[in-house]
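Structure, as structure tokens:
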Amino acid sequence: MKPDLLKGRISAFHLTNEKVGNLIGKSESYVRNCLKTPSKFTMHEVYMICDALEIDQSDIPEFFPRRKNL
């Protein structure tokens, strides 16, 4: 899992979990829980976060790895 990669990118853009939550229309606690396992974000949320963090779509698997049981 690479939750630290995503957390680092959020921090590099000077965002907080609360700001990310506002961006995707969710609570800070929802974001905090999803950051523990980034595959919990919906694809719509992933795309909104990627836009805000300037993550290329080809890099999504690095920042939002799939669950191993899929």
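The values are calculated or read from the model by the stated rules, or taken from the named source; none is laboratory data. Treat the numbers as computed from the prediction; the structure is a model and nothing was measured. Neighbour counts are summed over all protein chains in view; Cβ atoms, including those assigned to glycine, are modelled from backbone coordinates with ideal geometry. Please note that ligands, DNA and RNA were not included when accessible areas were found on the heavy atoms of the full protein model with its side chains. Shrake-Rupley method; radii C 1.70, N 1.55, O 1.52, S 1.80 Å.
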In Å and from the alpha-carbon atoms only, list the Rg and Dmax of the chain.
10.9, 33
Sequence of Leu23, Leu53 when ordered by accessible area, the most exposed leading, probe 1.4 angstrom:
Leu23, Leu53
Which trypsin sites (Lys or Arg not before Pro) in region 15-70 sit in a loop by DSSP (not H, G, I, E or B) and have at most 10 other Cβ atoms within 10 Å of their own Cβ?
Arg66, Arg67, Lys68
Here, chymotrypsin sites (Phe, Trp or Tyr not before Pro) of region 1-64 satisfying both criteria (DSSP loop; at most 16 other Cβ within 10 Å) are Phe13
In terms of Cα to Cα distance under 12 Å, which aspartates and glutamates are near enough to Lys19, apart from those fewer than 8 places away along the same chain?
Glu28
Only Lys, Arg, Asp and Glu count, each charged at its Cβ (+1, +1, -1, -1), so figure out the dipole size of the chain about its Cα centre, rounded to 20 debye.
420
Within the accessible area of the chain, what % is carbon and sulfur when the probe is 1.4 Å and the other protein chains stay in place?
50
For the chain, calculated [θ]222 nm from helices alone, where every DSSP H run of n ≥ 4 adds -39500 (n - 2.57)
-16500 deg cm²/dmol
